[in-house]
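Here's the structure we're looking at; comments come further down.
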Amino acid sequence: MKARTILITGASSGIGAAVAQRFLDKGWHVGLMARRARQLNALAEGRKNAYVLPADVTDPAAVDAAFDAFTDRVGHLDVLFNNAGMFGPSGSIDEVPLEDWWQVMQVNLNGMFICARAAFGRMRAQHPQGGRIINNGSISAHSPRAGSVCYTTTKHAITGLTKALSLDGRAYGIVCSQIDIGNARTEMVDDLNDRLRKANKPVQPTMNVAQVADSVQLMAEMPPEANVQFMTVMASTMPYIGRG
């Protein structure tokens, strides 16, 4: 069988790197897209099925160039894991500098829109038509933490983007889904728990990031007539159900 293809944004670290590693191990052709070329090159080292695509998701021209470079090499885009994002500042809305608000909007919302747009257009035009877009949402799209107005607003918007693409893609065989992840052990979560320990505060429950890779793989390998529309995968004891 012809190897399948996936482009992953935010692939240089954390969840993106873990998911990229999984699909590389499974023999998929994997487009590695992020700003940090050095980290991408390290991930791709020795892998003939890895394609390094340095690009900033907020730059439409750079995104289009990266998608073109990938599809020119592999011929067909099966899956986009639309993953790149940032948390932004913590605090109440009156404490958030406007420049920080704009930055989070630019990366988490505009960047995901730009990448989804690039994938959708290519999936619509390719032969055979169709493909799958998996958006990285968040538990904050349902039950936010206090002091996370920037991040939470963008993640609620991603749910709307997911629903809109699910409807608009039906005519072209394009399916869209959303994975909401809670406290996977990555550099960012480890740093958070280190700060909590130093402040003598309770640490956050976490899960192995491999569970996220398992979940994305399940979603990506669904047949075209089926879709995991929304999935929540999280550390089982984190305060999600009923948290304040």
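Quick notes on this structure:
- Cβ crowding within 10 Å, taken as a proxy for footprinting-reagent exposure, orders Leu43, Leu196, Leu80 from fewest neighbours to most as Leu196, Leu43, Leu80.
- For the chain, adding -39500 (n - 2.57) for each run of n ≥ 4 DSSP H residues and dividing by the number of residues yields -12500 deg cm²/dmol at 222 nm.
- Cα-based helix-to-principal-axis angle, 149-168 vs the chain, degrees rounded to 10: 30
- Ranking of Ile93, Ile181 by count of other Cβ atoms within 10 Å, fewest first: Ile93, Ile181
- Long-range amide H partners of Thr232 with built H, under 5 Å: Asp180
- Part-to-part distance (alpha-carbon centres) for the stretch 58-119 and the stretch 212-244, which is given in Å: 21
- Tilt relative to the chain, helix 60-74 - C-alpha long axis, 0 to 90 degrees, to 10: 50
- The stretch 1-48: trypsin sites (Lys or Arg not before Pro) in DSSP loop, at most 13 other beta carbons within 10 Å: Lys2, Arg36, Lys48
- Measuring nothing but alpha carbons in the stretch 1-76 and taking Rh as the Kirkwood radius, the Rg to Rh ratio lands at 0.94.
- Equivalent ellipsoid dimensions for the stretch 39-154 as semi-axes, Å, which come from the Cα gyration tensor, largest first: 31, 16, 13
- Amide H contacts for Ala11 (H built 1.01 Å from N in the peptide plane; partners 5 or more residues away or on another chain; cut-off under 5 Å): Met33, Ala34.
- Rounded to the nearest 20 debye, the dipole size of the stretch 153-244 about its Cα centre is 480 debye, using +1 on the Cβ of Lys and Arg and -1 on the Cβ of Asp and Glu.
- Between the Cα long axis of helix 210-220 and the first principal axis of the chain there is an angle of about 40°, rounded to the nearest 10.
- From the C-alpha gyration tensor of the chain, square roots of 5λ in Å: 29, 19, 18
- Note on the stretch 165-224: Kirkwood hydrodynamic radius from all Cα pairs is 14.1 Å, rounded to one decimal.
- Under a 5 Å amide H cut-off, with hydrogens placed 1.01 Å from N, Ser148 pairs with Gly91 among residues at least 5 apart or on other chains.
Where a number appears in this text, it was derived from the coordinates with a stated rule and is not lab data. For clarity, every value in this text was computed on a predicted model and none was experimentally measured. As a convention, Cβ positions derive from the backbone with ideal geometry for all residues, glycine included, and neighbour counts pool all protein chains shown.
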